[in-house]
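**Q** Before anything else, here's the structure in question.
Read-outs throughout are calculated quantities, based only on the coordinates presented, and are distinct from any laboratory measurement. Every value quoted in this text rests on a predicted model; they were computed, and no experiment measured them. Every residue, glycine among them, receives a Cβ derived from its backbone with ideal geometry; neighbour counts consider all protein chains shown.
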Amino acid sequence: MSQSLENRPCGGRYGDIVQAIGNTPLVELKRLSPKPGVRIWAKLESHNPTGSIKDRVARAMIEDAEERGAIRPGQTILEPTSGNTGISLAMICSRKGYRLKVVMPDNVTPERTQLLKMYGAEIVYSPGDQGSNGAVAMALAMAEADASYYMPYQYGNAANPNAHYTGTAPEILRELDDDVSAFVAGLGTGGTLMGVARRFKEELGDAVKIVAAEPMQGEPVQGLRSLDDGFIPPIIDLSLLDRKIFVTNHDAIVWTRRLLDEEGIFAGVSSGAIASIAVRIAAEMDEGNVVFIVCDDGWKYLSSGLYTRPVDEIEKLDSTVWW
Ligand SMILES: Cc1ncc(COP(=O)(O)O)c(C=O)c1O
């Protein structure tokens, strides 16, 4: 393969923090590659301003609403989110002069609450045992009862996958000179998978395989969802996926630790889940580039002890401790 490692000396020059979203690094993980001819690349979305891939999506949804004249400064934006999208929206709304209310399960980690409050968002809690589906239902009911809210609704908003179609995907193609054999991402709203799949299939056809990492039903991995739970986000078109592979909590935890211990990547637990699938796909190939997404960094999960406690001890914990 021809790609050399070319690091750009600077990350660019931007007018403000919102413009500095995207253009994240692609880092090769040599120690995790099962074969010399197969290169595994992590797209570090943790390098976005608030530490997650959702900065791209939040900006795209707010700017799309602005362009359509659907929102005006001072208006309240309402969104159901168990974390990252809320944090990204909170930062962007604070920069652009909108008020933000987020609906999220009451068992999320204290770091998330603090991050949201830090950017000035108001939090409405939904029952933790109902997970993100409970937050979605509550926000939809609130929006129906009060027309002054604007709800971007990432699960059904085309600006979500478009942020990846116009941002994440072309950045990867540019870095790897269009040489991508497999792309692996987690299934949350489906925005990353759909946007990247559309772009990659247009540019590379069937030469690239699109693989979704989906949590086993009943084994919640923060940021990801099981379609077997009964809700398929409207932006998802399952025909764009070549494969959908189940991942367990055990693998998510073990691989989050392997990313840290073997490659120095301090990532959130969904990235461990996704990495486990990326390595499995790499093992099935003889050569080529496998790209996977590191959705967020580990700061928000620190209080769970995920990075310091023995793995078998973490496994025994109720998995909601790292929500
Ligand atoms: C930590 C984390 N991982 C993965 C995902 C999944 O991304 P997407 O919503 O694009 O499917 C999300 C988003 O919800 C997330 O917050």
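**Q** What is the magnitude of the charge dipole of the chain about its Cα centre, with +1 placed on the Cβ of each Lys and Arg, -1 on the Cβ of each Asp and Glu, and no other charges, expressed in debye to the nearest 20? Let's see the in-between values first.
**A** Numbers: 32 positive and 43 negative charges, 131 e Å.
Value, rounded to 20: 620 debye.
**Q** Write down the percent of antiparallel bridges among all DSSP beta bridges whose residues are both part of the chain, to the nearest 5.
**A** Details: 5 of 36 bridges.
Percent antiparallel among DSSP bridges in the chain is about 15.
**Q** To continue, here is another question. Among Trp255, Thr308, Pro233, pick out the residue whose Cα is farthest towards the positive end of the charge dipole of the stretch 171-323, where Lys and Arg carry +1 and Asp and Glu carry -1 on C-beta, about the Cα centre.
**A** The residue sitting most towards the positive pole is Pro233.
**Q** Ordered by residue, what ³J(HN,Hα) values in Hz, to whole numbers, does the stretch 173-189 give under the Karplus form 6.51 cos²θ - 1.76 cosθ + 1.60, where θ = phi - 60° and Gly and Pro are x?
**A** Using θ = phi - 60°, the values come out as 4, 5, 5, 9, 6, 6, 9, 10, 9, 8, 10, 10, 9, x, 9, x, 6 Hz.
**Q** Please enumerate, by chain and number, the lysines with C-alpha under 24 Å from the C-alpha of Lys209, excluding those fewer than 8 residues away in the same chain.
**A** Lys30, Lys35, Lys43, Lys54, Lys201, Lys244
**Q** Same structure again: Can you tell me which of Arg13, Arg243, Arg225 moves the most in a GNM of the chain? Springs connect C-alpha atoms under 10 Å apart.
**A** Top of the fluctuation ranking is Arg13.
**Q** Counting each pair of different Cα atoms once, what's the Kirkwood radius of the stretch 54-145 in Å, rounded to one decimal?
**A** After inverting the pairwise mean of 1/r, the radius is 13.1 Å.
**Q** Shifting gears a bit: What percent do you get for the relative contact order of the chain when only Cα pairs under 8 Å and 6+ apart count? Walk me through the numbers on the way to the answer.
**A** Numbers: 651 pairs, mean separation 68.4, N = 323.
Worked out over the chain, it gives 21 percent.
**Q** Sticking with this structure for a sec: How far apart, in nm, are two points set 7 Å out from the Cα along the Cα-to-Cβ line at Arg309 and at Asp228?
**A** 2.6
**Q** Separate question: Can you give the FRET efficiency for Phe246 and Glu144, using 1/(1 + (r/R0)^6), R0 = 22 Å, r = Cβ-Cβ distance, to the nearest 0.05?
**A** Using R0 = 22 Å, I get an efficiency of 0.05.
**Q** Cys10 to Glu63: FRET efficiency via 1/(1 + (r/R0)^6), r the Cβ-Cβ distance, R0 22 Å, to the nearest 0.05?
**A** Numbers: r = 25 Å, r/R0 = 1.13.
Plugging the Cβ-Cβ distance into 1/(1 + (r/R0)^6) gives 0.35.
**Q** While we're looking at this one, here's another question. Over the stretch 208-254, what relative contact order in percent results from Cα pairs under 8 Å that are six or more residues apart? Kindly include the intermediate steps, with their values, before the conclusion.
**A** Details: 49 pairs, mean separation 25.8, N = 47.
RCO, the stretch 208-254: 55 percent.
**Q** Also, I was wondering about something else. How are the alpha carbon pair distances in the stretch 172-306 distributed across 10 Å bins from zero to the largest one, expressed in percent?
**A** Values per bin, smallest distances first: 13, 43, 34, 9, 0.
**Q** Another question about this same structure. Exposure proxy check: Cys295, Cys93 ranked by fewest other beta carbons within 10 Å? Kindly include the intermediate steps, with their values, before the conclusion.
**A** Numbers: Cys295 29, Cys93 23.
Ranking Cys295, Cys93 by Cβ neighbours within 10 Å, fewest first, gives Cys93, Cys295.
**Q** Next question. Rounded to the nearest 500, what is the chain's calculated 222 nm mean residue ellipticity when only DSSP H runs of at least 4 contribute -39500 (n - 2.57) each, over all residues? Intermediate values should be presented prior to the final figure.
**A** Details: 10 runs with 112 residues, N = 323.
Value at 222 nm, helices only, nearest 500: -10500 deg cm²/dmol.
**Q** Do me a favour and compute the ellipsoid semi-axes for the chain from its Cα gyration tensor, root of five times each eigenvalue, largest one first, whole Å. Provide the component values of the computation, followed by the final result.
**A** Working: eigenvalues 176, 105, 68 Å².
The three semi-axes for the chain are 30, 23, 18 Å.
**Q** Right, something else. Can you give the FRET efficiency for Glu262 and Val124, using 1/(1 + (r/R0)^6), R0 = 41 Å, r = Cβ-Cβ distance, to the nearest 0.05? Let's see the in-between values first.
**A** Numbers: r = 40 Å, r/R0 = 0.98.
Computed FRET efficiency for Glu262 and Val124 comes out at 0.55.
**Q** Out of all DSSP beta bridges with both ends in the stretch 179-296, state the antiparallel percent to the nearest 5.
**A** Values: 0 of 13 bridges.
Here the antiparallel bridges make up roughly 0 percent for the stretch 179-296.
**Q** If you don't mind, another one. Please state the relative contact order of the stretch 54-145 as a whole percent: Cα pairs under 8 Å, 6+ residues apart?
**A** 28
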